[in-house]
1. About its Cα centre, what dipole magnitude does the protein assembly as shown give when the only charges are +1 on Lys and Arg Cβ and -1 on Asp and Glu Cβ, stated in debye to the nearest 20?
2. Could you give the distance between the Cα centres of the range B:6-26 and the range A:15-81, to the whole Å?
3. Using unit Cβ charges (K, R positive; D, E negative) and no other charged atoms, how large, in debye to the nearest 20, is the dipole of chain A about its Cα centre?
4. Please give me, ordered by residue number, the trypsin sites (Lys or Arg not before Pro) of the range A:1-107 that lie in loop per DSSP and have at most 11 other Cβ atoms within 10 Å.
5. Cut-off under 13 Å on the C-alpha distance; same-chain residues fewer than 8 positions from B:LYS57 excluded. Which aspartates and glutamates are left, in chain and number order?
6. Just to be sure I understand the curve: with the Debye formula and one point per C-alpha of chain B, what is log10 I(q)/I(0) at q = 0.20 Å⁻¹?
7. How big is the protein assembly as shown along each principal axis, measuring the range of its Cα positions in Å and listing the largest first?
8. Per Stokes-Einstein, at 37 °C and 0.692 mPa s, what whole-number D in µm² s⁻¹ belongs to chain A, with the Kirkwood radius over Cα pairs as the hydrodynamic radius?
Amino acid sequence: AQSVAQPEDQVNVAEGNPLTVKCTYSVSGNPYLFWYVQYPNRGLQFLLKYITGDNLVKGSYGFEAEFNKSQTSFHLKKPSALVSDSALYFCAVSAGGGNKLTFGTGTQLKVEL
Amino acid sequence: EPEVTQTPSHQVTQMGQEVILRCVPISNHLYFYWYRQILGQKVEFLVSFYNNEISEKSEIFDDQFSVERPDGSNFTLKIRSTKLEDSAMYFCASSRDRALIYYEQYFGPGTRLTVT
């Protein structure tokens with residue numbers, strides 16, 4: 001069975017400061033890891049994914065994520081947060097060559113001036 | 001940019017009633033999915049659909065659920081006899097192909113189903 005944990009329901013950060021949204025996973029086999037973002041009244045939008053290769057993955061809107069196999073983590077990061085980054089962020093995992101995504105509960109990111 | 005759309009945005013129904021949730025996937029996509037999120041819980045996979053067949057389903061997707069692609073554009077989820085515990089946000093998604101290594105899943109905004 002595969003699972004994802006997002007330990008923080010909400011993350012608050014000041015604009016211009018770096019942000020981190022945490023994600024840990026559990027799978028059998030090699031993981032495919034994803035971050036999605038959801039703005040109000042919109043669908044989940046794909047941000048980035050890790051399949052293989054470099055542990056640091058770069059995605060949309062200046063976001064990046066670091067895959068750490070030993071810690072089974074895939075934390076989302078951005079060097080300088082914007083107020084417009086405020087949204088709900090979901091981490092997801094798939095494994096075994098399947099196309100079923102398993103999501104975490106989501107983390108609400110609030111960026112304030 | 002093409003989007004997955006879902007209707008209605010909010011559906012209220014009484015326990016025991018049938019509901020149909022509708023989705024219009026992105027036009028050149030071949031794989032379709034339904035996920036749901038009960039309030040405060042994780043987004044859960046329900047079913048994937050390809051070539052007019054279910055390709056994978058979760059244990060949640062029991063005989064009360066069915067999916068259909070009635071025409072070239074719509075993808076529907078039917079719940080035959082709703083229960084209180086079916087209250088959730090239902091997300092439709094689509095992808096060009098199966099392999100997540102190459103093709104992301106694109107999600108709609110969701111339908112909030114409330115069963116009273």
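Computed from the coordinates by the stated procedures, all read-outs in this text should not be read as laboratory data. Please read all numbers here as calculations on a predicted model, not as lab measurements. With ideal geometry, Cβ positions are generated from the backbone for all residues, glycine too; neighbour counts draw on all protein chains shown.
1. The dipole magnitude comes to about 100 debye.
2. Centre-to-centre (Cα) distance: 31 Å.
3. For this selection, approximately 280 debye.
4. Loop-located and lightly packed - A:LYS69.
5. Leaving aside aspartates and glutamates fewer than 8 places away in the same chain, those within reach of B:LYS57 are B:GLU44.
6. Result of the Debye calculation: -1.08.
7. Reported extents, whole Å, longest axis first: 49, 37, 33.
8. On the way: Rh = 14.0 Å.
After rounding, the answer is 234 µm²/s.
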